[in-house]
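Peer 1: Structure provided below as structure tokens; questions to follow.
The values are calculated or read from the model by the stated rules, or taken from the named source; none is laboratory data. Here the structure is a predicted model, which means the values were calculated and not measured. Here the Cβ positions follow ideal geometry from the backbone for every residue, glycine too, while neighbour counts run over all protein chains shown. Only protein heavy atoms, including side chains, enter the accessible area calculation; ligands, DNA and RNA are left aside. Shrake-Rupley method; radii C 1.70, N 1.55, O 1.52, S 1.80 Å.
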Amino acid sequence: MNRNRLALLGEEAAECVRQSEVASFVEELRGFTWDGKPTVEETTTAAFDGQPIAVPQLVNEFWTSRQRAAHSLHEISYRACFKPQLPRFFIERLTAPGDRVFDPFSGRGTTALEAALLGRLPVACDINPLSRMLLEPRLSPPSLPEIIERLHEIAWSSEADTTDDLLVFYHPDTLRQISALRGYFFRREASGDLDRIDRWLRMVAVNRLTGHSPGFFSVYTLPPNQAVSLDAQAKINVQRGQTPPQRDVARLIVGKSKSLLRDLDEQARRGLARVGSAAQLVTRPAASTPEISSESVDLVVTSPPFLDVVDYAGDNWLRGWFCGIDPNKVQITMAKRPEQWHDAMRDVFLELFRILRPGRFVAFEVGEVRGGKIRLEEIVVPSAMGAGFEPRVVLVNSQQFTKTANCWGVANNRKGTNTNRIVLLQKPNA
Ligand SMILES: C[S@@+](CC[C@H](N)C(=O)[O-])C[C@H]1O[C@@H](n2cnc3c(N)ncnc32)[C@H](O)[C@@H]1O
């Protein structure tokens, strides 16, 4: 049922429709089977105001890349990103085309891009300016000829500020090209000339800075979303007996651009152009987004920082250098203790409550952390209830992670998280 039809009903009737929407959503999940496996029903038990709260917990392989491939435009690496199939699952079921879908911890922009590809209007927030730099260009991608033409216009041998420290990652000639490109972006930004083609080039370059194959600008290092320190890279070089090889930066940018654009046909391009221009992207703490109007969002799908599991500032230092972002000035939420995390998330829930339309949903993804000793969903329930939300169901996507399928860049379950757990919350009608 979309918003326009609901608006035609009286408030009471609309409430009945929403309740039956939740009931039919939960029933669909109960009846869901994948690969012959039925959904298993358990209970998540939390406490709010001294009272026990029991929330139905449904376990199955609800979304996986085996069920549906993700669009190539998503293939930008980012620490702790989720797979596009996760937001798609909720967006398809809980919104209609034209609805506004919000992610307050947007990261590489998985929710926003998937929403746009599904004809919904993306709204995204992240405290790190890098997030917008990674998302915005993919909402209005240039064509390959535009990309190639612009790369020809860049003065690759121009004098540019650089630092020799970075020679642990790059061949001197590659570092000269990277520095020329970086200087070009800074000049275009300062003069107000940075356009969508430049933004695309910057986004691709950020994603080619470091990695573990010849498709990246650097010598072999960690995956591109986890830049190691200069000292650690010097050690890797000694251990592997390697020196940074020469790379052709422009050629690698063209290669990655081709790969990102491979699924983008004319119809998808027109669809993105329609909704991408209405996107609202903000760089802010998630608990304070005054640019986003009250009761203007139809669905939230998000994944917050999990306690202090991921060091976003440390992992992104080299990307920050390239983009002119000082990671120390980005106040990322790093809560060491569960109580601190509860309070930080409650402040975010209060803001989400303000901007969400009555009766609409938040799908809040958390993982198992500290070896499964802390179940964040049990903290999410009271934190969200403290802001006025009603917990409806906890979905556990019990997918077998493989090394390549795992955005966390870890191959075992001890570090990071091994299941997606989504707490589905509803804002009641007034
Ligand atoms: C788990 S990641 C989200 C990844 C995202 N789902 C994706 O697919 O890329 C959490 C994000 O929260 C951001 N973040 C941390 N503290 C924040 C805050 N207080 N307000 C907004 N964003 C914050 C981090 O910069 C990081 O991008």
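Peer 1: Using the beta-carbon distance between Arg68 and His212 and R0 = 22 Å, what value does 1/(1 + (r/R0)^6) give for FRET efficiency, to the nearest 0.05? Display every interim value, and only then the final one.
Peer 2: Working: r = 28 Å, r/R0 = 1.25.
So the FRET efficiency works out to roughly 0.20.
Peer 1: Going from most exposed to least, what order do Asp263, Asp99 have by accessible area with a 1.4 Å probe?
Peer 2: On the way: Asp263 65, Asp99 10 Å².
Descending order: Asp263, Asp99.
Peer 1: Let me ask something additional. Kirkwood Rh over Cα pairs of the chain into Stokes-Einstein at 4 °C, 1.567 mPa s: D in µm²/s?
Peer 2: Details: Rh = 22.7 Å.
It diffuses with D of about 57 µm²/s by this estimate.
Peer 1: Pairs of Cα atoms under 8 Å, at least six residues apart: use those to get the relative contact order of the chain, whole percent.
Peer 2: Working: 775 pairs, mean separation 85.9, N = 430.
Computed over the chain, the figure is 20 percent.
Peer 1: Excluding the sites themselves, what is the longest stretch of the chain that contains no trypsin sites (Lys or Arg not before Pro) in a DSSP loop with at most 12 other C-beta atoms within 10 Å?
Peer 2: Values: sites that count: Arg68, Arg262, Lys336, Lys373, Lys403, Arg414.
The longest uninterrupted stretch comes out as 69-261.
Peer 1: Just how far, in whole angstrom, is region 44-61 from region 246-296 if you go by their alpha carbon centroids?
Peer 2: Result: 36 Å between the Cα centres.
Peer 1: How much accessible surface does Ile197 have with a 1.4 Å probe, in Å² rounded to 10?
Peer 2: Spelled out: Ile197, probe radius 1.4 Å, area about 20 Å².
Peer 1: Let me ask something else about it. Rounded to the nearest 0.05, what FRET efficiency do Ser288 and Ile53 give with R0 = 30 Å and r taken as the Cβ-Cβ distance? Could you check?
Peer 2: Values: r = 28 Å, r/R0 = 0.92.
Computed FRET efficiency for Ser288 and Ile53 comes out at 0.60.
Peer 1: Protein chains only, probe 1.4 Å: how do His74, His212 rank by accessible area, largest first?
Peer 2: Numbers: His74 5, His212 95 Å².
Descending accessible area places them as His212, His74.
Peer 1: Would you mind getting the accessible area per residue of region 144-260, heavy atoms of the protein chains only, 1.4 Å probe, in Å²?
Peer 2: Details: 5460 Å² over 117 residues.
For region 144-260, the solvent-accessible area averages 47 Å² per residue.
Peer 1: Which percent of the accessible heavy-atom area of region 144-260 goes to carbon and sulfur, probe 1.4 angstrom? Please list the in-between numbers first.
Peer 2: Numbers: 2840 of 5460 Å².
The C+S portion of the solvent-accessible surface of region 144-260 is 52 percent.
Peer 1: Something else now. If you add up the charges near Ser383, with Lys and Arg at +1 and Asp and Glu at -1, over every other residue whose beta carbon is less than 12 angstrom from its beta carbon, what do you get?
Peer 2: Numbers: positive: Arg346; negative: Glu339, Asp343, Asp347, Glu377, Glu378.
My count for the surroundings of Ser383 gives -4.
Peer 1: Taking the Cα centre of the chain as the origin, how large is its charge dipole in debye, to the nearest 20, when only Lys and Arg (+1) and Asp and Glu (-1) carry charge on their Cβ atoms? Don't skip to the answer; put the middle values down first.
Peer 2: Working: 53 positive and 51 negative charges, 170 e Å.
Rounded to the nearest 20 debye, it is 820 debye.
Peer 1: Here's something else I'd like to know. Can you give me the distance in nm between label points at Ser277 and Glu339, each placed 7 Å from the Cα along the Cα-to-Cβ direction?
Peer 2: Between Ser277 and Glu339, the label points sit 5.3 nm apart.
Peer 1: Can you tell me which of Gln242, Gln233, Gln177 moves the most in a GNM of the chain? Springs connect C-alpha atoms under 10 Å apart.
Peer 2: For the chain, modelled as a Gaussian network with Cα springs under 10 Å, the answer is Gln242.
Peer 1: Taking the DSSP beta bridges in the chain as the whole, what percent of them are antiparallel, to the nearest 5?
Peer 2: Details: 26 of 46 bridges.
Bridges in the chain that DSSP calls antiparallel: roughly 55 percent.
Peer 1: Determine how large the accessible area of Met334 is when every protein chain is in place; take a 1.4 Å probe and give Å² rounded to the nearest 10.
Peer 2: 90 Å²
Peer 1: Quick check on the chain: helices-only [θ] at 222 nm, where DSSP H runs of length 4 and up contribute -39,500 (n - 2.57) each and the sum goes over total residues. Nearest 500, please. Walk me through the intermediate numbers first.
Peer 2: On the way: 15 runs with 171 residues, N = 430.
Mean residue ellipticity at 222 nm (helix-derived): -12000 deg cm²/dmol.
Peer 1: Let me ask something additional. Looking at the chain as a GNM with Cα springs under 10 Å, which of Glu75, Glu351, Glu291 has the largest mean-square fluctuation?
Peer 2: Glu291
Peer 1: What FRET efficiency comes out for Ser158 versus Arg262 if R0 is 35 angstrom and r is the Cβ-Cβ distance? Round to the nearest 0.05. It would help to have the intermediate numbers written out before the result.
Peer 2: Values: r = 32 Å, r/R0 = 0.91.
After rounding, the FRET efficiency stands at 0.65.
Peer 1: Anything in the chain that counts as a DSSP H helix reaching 20 Å or more along its axis (C-alpha) with Kyte-Doolittle mean of at least -1.0? List them, would you?
Peer 2: Once both thresholds are applied, what remains is 11-30, 172-190, 338-355.
Peer 1: What translational D, rounded to a whole number of µm²/s, comes out for region 144-260 from Stokes-Einstein when the hydrodynamic radius is the Kirkwood one over Cα pairs, at 4 °C and 1.567 mPa s? Don't skip to the answer; put the middle values down first.
Peer 2: Values: Rh = 14.7 Å.
The diffusion coefficient I find is 88 µm²/s.
Peer 1: Provide the per residue accessible area, probe 1.4 Å, for region 311-375, rounded to a whole number of square angstrom. All intermediate terms of the calculation are to be shown ahead of the outcome.
Peer 2: Values: 2800 Å² over 65 residues.
About 43 Å² of surface per residue is accessible.
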